1. Tell me, what HN-Hα J-couplings in whole Hz come from the Karplus equation 6.51 cos²θ - 1.76 cosθ + 1.60 at θ = phi - 60° for each residue of the stretch 79-96, using x for Gly and Pro?
2. When DSSP assigns beta bridges and you keep just the ones with both residues in the chain, what percent turn out antiparallel, to the nearest 5?
3. Report the residues of the stretch 259-288 in range of a label on Asn108: point 7 Å along Cα→C-beta, backbone N strictly under 20 Å from it.
4. Extending each Cα 7 Å along its Cβ direction at Ala53 and Leu298, get the distance between those two points in nm, one decimal.
5. In whole percent, what relative contact order does the chain give with Cα contacts below 8 Å and a gap of six or more residues?
6. Given the pairs Lys102/Lys139; Lys101/Lys191; Lys139/Lys191; Lys3/Lys97; Lys21/Lys101; Lys102/Lys191, which are separated by over 25 angstrom at their Cα positions?
7. Between Val37 and residues 5 or more places away or on another chain, which pairs have amide H atoms under 5 Å apart, with H built 1.01 Å from N, and which residues are they?
8. Is the shape of the stretch 4-85 best called rounded, prolate or oblate, per the rule: a/c under 1.5 gives rounded, else a/b larger than b/c gives prolate, else oblate, with a ≥ b ≥ c the square roots of the Cα gyration tensor eigenvalues?
Amino acid sequence: MGKRVGVLMGGWGEEREISLKTGEAVVAALESRGHQVTRVFAGPGLDRALRSAELDVAFIALHGRMGEDGRVQGLLELLELPYTGSGVLASALAMNKPVAKKLFRLHNLPTPQGYRVGRDEAVAALTLHGDLGFPCVVKPACGGSSVGLSVVREPEALVPAVAQACRFGGEALVERFVSGREVTVGLLGGKVLGSCEVASPRESFDFDAKYKGGSRYFLPPRLSATRVANVEALALAAYRALGCRGYARVDLLCSDTDNDVVLEVNTLPGFTPTSILSKIAAHAGLDFPELVERILALATRDEAGVLDAPVVAPAPTVLEPHRAVS
């Protein structure tokens, strides 16, 4: 008998439509593998929907804010329901790009220089910018699918770009622009699944490039074997630095000067049969239903209870040799 799986899809944010596509793809894959599947549409009343569904496990097909940032994961923890993907803390850390960058640096992982700008500081962005220079990349500090991302080449365009990015969550991240190849690495079960180079017709791999076609994909990336190995090692280190689990996709840039930098970790990446992670899996010999099955098998919860104390054997008693007292 297959498991009773609830596929969480939809959500509250700007990535709702993408999540619905992911959800339907996952539903079809799970049903083809014999599981009993219930569509659970995320939104107001999600807790009641989950309680009434009588599930064995939740497959999270949400993207972006409210679905990928640890909040839904926290709800599932309270309901004691295993779920796919990373836990509460790792999800929150990965979604908050400025915080994730601090952790990358703490673990000596290269990442582009940048700074955070709050909604109330947008008009002062030029002052905060300092000597970061142009061009630069402006994106929401907490978001995905490159929604609100722009490349700024002139100082007068910085404030409007920051204001636009702040529409999605209230904070923006401004980063130094790095020219090079965009490479993304898929991870499954704490191991590298493979990597893919994305050649976008646009200046950056933004929302339109991701979802409106025109990009080319190279598996493996058009890099030396040594450099591919380095990129994949960086991706795995970034995944571990944030404490991720299950599966993820790590985005990096490989500059023309042989420097590789980590951009971000996607704990719930776009996930349909034509998504990048699926392309990487197919290149590794996994079709989409098998990939979905493996992700489902990794579903778990955080250990919230008090663990038994480790059993520590007492140290052996050392007897000093008897000495006669003179």
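Derivation of every value follows stated rules applied to the coordinates shown; laboratory data play no part. Treat the numbers as computed from the prediction; the structure is a model and nothing was measured. In this analysis, Cβ positions are derived from the backbone assuming ideal geometry, glycine residues included, and neighbour counts consider all displayed protein chains.
1. Values per residue, Gly and Pro as x: 7, 6, 10, x, 8, 7, x, 6, x, 4, 5, 4, 4, 5, 5, 5, 6, 8 Hz.
2. 75
3. 259-263
4. Between Ala53 and Leu298, the label points sit 2.0 nm apart.
5. On the way: 662 pairs, mean separation 61.6, N = 326.
Averaging sequence separation for qualifying contacts and normalising by length gives 19 percent for the chain.
6. On the way: Lys102/Lys139 17 Å; Lys101/Lys191 22 Å; Lys139/Lys191 29 Å; Lys3/Lys97 35 Å; Lys21/Lys101 30 Å; Lys102/Lys191 23 Å.
As for pairs spanning more than 25 Å Cα to Cα, those are Lys139/Lys191; Lys3/Lys97; Lys21/Lys101.
7. Sorted by chain and number, the residues that satisfy this are Val5.
8. On the way: a/c = 1.73, a/b = 1.10, b/c = 1.56.
In terms of gyration-tensor shape, oblate.
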